1. Taking the stretch A:27-50, which residues are closer than 16 Å to B:TRP121 by Cβ and either in contact (Cβ under 8 Å) with a residue 12 or more places away in the chain or small (Gly, Ala, Ser) (or both)?
2. Yes or no: A:ARG12 of a type outside the set (Phe, Trp, Tyr) and modelled with pLDDT under 95?
3. Filter the stretch A:87-97 down to the residues that are surrounded by fewer than 16 Cβ atoms within 10 Å (Cβ to Cβ) and assigned to a helix (DSSP H, G or I) and list them by number.
4. Can you work out which of the residues in the stretch B:29-40 that are within 9 Å of another protein chain (Cβ to nearest Cβ) and more than 12 Å from the chain's Cα centre (by Cα) is nearest to B:GLN80 (Cα to Cα)?
5. Since B:TRP43 meets every condition but one in (1) within 11 Å of chain A (Cβ to nearest Cβ); (2) aromatic (Phe, Trp, Tyr); (3) within 16 Å of the chain's Cα centre (by Cα), which condition does it not meet?
6. Regarding the stretch A:84-94, can at least one residue be identified that is under 20 Å from B:PRO52 (Cα atoms) and among the β-branched types (Val, Ile, Thr)?
7. Looking at A:PHE72 and the list (1) more than 10 Å from chain B (Cβ to nearest Cβ); (2) aromatic (Phe, Trp, Tyr); (3) under 21 Å from A:ILE26 (Cα atoms), which single condition is not satisfied?
8. Among the residues of the stretch B:86-126, how many are in contact (Cβ under 8 Å) with a residue 12 or more places away in the chain and of a type in the set (Lys, Arg)?
Amino acid sequence: MTDMNTPLSKVRGLGSAKSGTHHWFIHRITAVAQIPLVIFFVVSMARNMGGDHASWAAWLGQPLVAVLMALFIANSCYHMRLGLMTVVEDYVHEKGNRLLATLTLTFGTILLAAFGIFSILRISFGG
Amino acid sequence: MSKANRPLSPHLQVYRWGAHMAVSIMHRATGAALAFGTIILVWWLVALATGPEYFSLVQGYFGSIIGRLILFGLTLALMQHLASGIRHLFMDAGKLYSLGRNSATAKFTFVFSVISTLLIWYMAYRAMGAL
């Protein structure tokens, strides 16, 4: 039977990372997004330092703060997943271990983002 | 095949140390440290959402000497990762490859991270009324 697949389609997904430039590109996009978010985060933390529960909750209850913090958590976790995945690809070579590391990293970062964003929403909506 | 005395793959120990190498290694190291920092941040947010009692307990941990040292280190890591990350974006765009600029910007990321960290902590201590 004639093989109708092009040579390109046969090699797609076979690299060490199982994907092409998407990982690299989205890592840079999340990096650019982190610049203003990190500045917002550290300045906010420093300016509100020493506050009690009520003052921190009031700070996080502001709509703009809640949105920016949720974006910061989501983007941090995404960027972290991509960065640590590169580290795993560099140092974890055995197939089973790499799959385990990939699963741990993926589930871990999504779980972290979910807990973080839920906490922000809970304070925002006064739960 | 003769066992020639030559490196088989680019292991770190064969290179002479330079700022460009240090900044590259630090970028990965600080990135890993910040993963830990993100876990701590989410823990703090969960504590804030849980309530005043648990929040003050967690704040007590962060406010202790060890807690402050960890947070200071994480601030330094965040600023270093930010600076060298921006440097990497320029390098991704094909800039900063001349030896002089490459080395100078590498050194500058360390200067930036130290100064900005001290500035952030100065702001924090001022906000607490300690300065």
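1. Residues of the stretch A:27-50 that are closer than 16 Å to B:TRP121 by Cβ, as a first pass: A:38-39, A:41-50.
Passing the criteria: A:VAL38, A:PHE41, A:SER44, A:ALA46, A:GLY50.
2. Spelling it out, A:ARG12 is indeed of a type outside the set (Phe, Trp, Tyr) and modelled with pLDDT under 95.
3. A:VAL87, A:ASP90, A:TYR91, A:LYS95, A:GLY96, A:ASN97 - these are the residues of the stretch A:87-97 that are surrounded by fewer than 16 Cβ atoms within 10 Å (Cβ to Cβ) and assigned to a helix (DSSP H, G or I).
4. By that ranking, first place goes to B:THR38.
5. Here B:TRP43 meets the rest and fails (3).
6. no
7. Of the numbered conditions (1) more than 10 Å from chain B (Cβ to nearest Cβ); (2) aromatic (Phe, Trp, Tyr); (3) under 21 Å from A:ILE26 (Cα atoms), the odd one out for A:PHE72 is (1).
8. Total meeting the criteria: 2.
The values are calculated or read from the model by the stated rules, or taken from the named source; none is laboratory data. This one's a predicted model, so the numbers in the text were calculated from it and none came from an experiment. Positions of Cβ are backbone-derived with ideal geometry, glycine not excepted, and every protein chain shown enters the neighbour counts.
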